[in-house]
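Visitor: Provided herewith is a single structure, encoded as structure tokens, for subsequent inquiry.
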Ligand code: SF4
Ligand code: SF4
Ligand code: FES
């Protein structure tokens with residue numbers, strides 16, 4: 001057979017993907033992972049066999065002598081883009097939270113609010129001081145905040161100032177240094193409504209912080225209440241997401257296909273977070289856990305459009321061993337599973 005015109009000597013059991021690798025040709029994959037049994041399904045590895053005039057998923061198709069595989073034909077590239085855009089139509093999640101995109105100082109707002117909500121006040125204060133507040137009372141972050149329509153924007157600016165203490169304004173140089181480069185591709189959370197609030201944040205109540213209120217103490221319950229209102233909209237792996245990388249390569253659009261959206265589930269267990277909106281149902285976590293013989297491990301549930309990943313029936317994520325959660329999070333190609341080791 002040939003791959004992109006390069007001859008390949010076939011070995012027993014080789015897939016088209018293996019043959020391409022042997023020829024030094026890189027085929028993009030999402031649900032496939034070296035060392036795991038191939039499952040197929042995402043369509044991202046589609047190539048064209050000129051001999052049979054068929055589009056084939058390279059990771060699960062057995063290589064055959066007469067094949068003439070082309071990886072970069074218009075049909076193959078279009079099929080790969082369609083596969084990614086189908087996944088995106090149901091990926092109702094922000095790569096970066098809108099508050100951070102709007103923030104001129106580059107403050108990692110989500111992390112600051114998470115630290116504050118979880119009682120790591122010193123860490124939150126260190127961030128607030130590292131990225132001084134420069135936007136003035138207009139608070140661009142709050143204008144962009146997704147909670148604006150759900151009880152009022154999180155009082156980000158007030159919390160930033162409370163935490164930063166005496167460092168109230170930055171120098172222009174530090175602002176330029178802190179500003180991030182715009183990324184190549186971003187997906188967005190859409191369809192947010194009040195029923196999703198309890199699933200996304202610990203505090204569903206309205207904003208209670210007044211901008212003209214006297215300076216409050218960091219330890220005040222009002223501060224942690226406000227931080228807990230943050231829905232943590234953004235991804236915890238924004239720079240380590242295979243889906244994002246592949247979408248950028250083919251200039252994929254989130255709105256090409258429109259469909260009903262799946263239910264949102266977000267669960268925390270120890271340092272582990274599962275965020276169903278980011279899951280592409282690739283099954284890598286399930287196959288990995290099976291391969292290492294984990295007895296309590298992530299599993300598929302439901303069917304068709306209601307399919308989702310979760311702990312095994314009758315169990316919770318707390319029952320899954322920490323090392324399995326950590327390894328599954330490392331293998332997960334998106335931000336659906338993340339794990340942050342506790343200090
Ligand atoms: S809810 Fe939190 S993460 Fe989302 S935009 Fe508002 S402050 Fe940012
Ligand atoms: S949680 Fe991650 S690894 Fe598991 S199926 Fe979803 S995207 Fe794939
Ligand atoms: S990578 Fe081959 S079907 Fe998903």
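Each value in this text was obtained by applying a stated rule to the coordinates, not by laboratory testing. None of the values given here were measured: they were computed from a predicted structure. Reconstructed Cβ throughout: ideal geometry from the backbone, glycine too, with neighbour counts over all protein chains shown.
Visitor: Note the angle between two axes, namely the Cα long axis of helix 74-88 and the longest principal axis of the Cα atoms of the chain, as a number of degrees from 0 to 90, rounded to the nearest 10.
Guide: Roughly 40 degrees between the two axes.
Visitor: Another question about this same structure. Considering the convex hull of the alpha carbon atoms of the chain, report its projected area averaged over all viewing directions, in nm², one decimal.
Guide: With every direction weighted equally, the projected area is 19.9 nm².
Visitor: Tell me what the chain gives for mean residue ellipticity at 222 nm when only DSSP H runs of n ≥ 4 count, each as -39,500 (n - 2.57), the sum divided by the residue total, rounded to 500 deg cm²/dmol.
Guide: -8500 deg cm²/dmol
Visitor: Another question, if that's okay. Listed highest first by mean packing, meaning other Cβ atoms within 10 Å per residue, what order do 57-69, 106-118, 295-307 come in?
Guide: In decreasing order of mean packing, 57-69, 106-118, 295-307 become 106-118, 57-69, 295-307.
Visitor: Which length gain, in nm to one decimal place, applies between residue 253 and residue 143 when the Cα-Cα distance is subtracted from 0.36 nm times their residue separation?
Guide: 37.1 nm
Visitor: Bin all alpha-carbon pair distances of region 194-255 at 10 Å intervals from 0 and give each bin's fraction as a whole percent.
Guide: Once binned at 10 Å, the Cα pair distances of region 194-255 give 17, 30, 25, 18, 10, 0.
Visitor: Tell me, what is the FRET efficiency for residue 66 and residue 263 to the nearest 0.05, using R0 = 35 angstrom and their Cβ-Cβ distance as r?
Guide: Efficiency computed from Cβ-Cβ geometry: 0.15.
Visitor: Please compute the length gained on full extension between residue 204 and residue 313, using 0.36 nm multiplied by the number of residues separating them and subtracting their Cα-Cα distance.
Guide: 36.4 nm
Visitor: Just for the chain, what percent of DSSP beta bridges are antiparallel, to the closest 5?
Guide: Rounded to the nearest five, the antiparallel share is 90 percent.
Visitor: Still on this structure, please answer the following. Could you list 210, 201 so that the one with the fewest beta carbons within 10 Å of its beta carbon is first and the one with the most is last?
Guide: 210, 201
Visitor: A follow-up question, please. What's the extension gain from residue 340 to residue 292 if we count 0.36 nm per residue and subtract their Cα-Cα distance?
Guide: Extending this stretch completely gives an extra 15.2 nm.
Visitor: Please work out the FRET efficiency for the pair residue 218 and residue 195, using the Cβ-Cβ distance as r and a Förster radius of 45 Å; give the result to the nearest 0.05.
Guide: About 0.85, to the nearest 0.05.
Visitor: A further question on this structure: With angles folded into 0 to 90 degrees, how steeply does helix 322-331 sit against the dominant principal axis of the chain? Use alpha carbons for both and round to 10.
Guide: Roughly 70 degrees between the two axes.
Visitor: For the Cα atoms of the chain, what angle does the longest principal axis make with the long axis of helix 121-130, in degrees from 0 to 90, nearest 10?
Guide: Long axis of 121-130 versus the principal axis of the chain: about 90 degrees.
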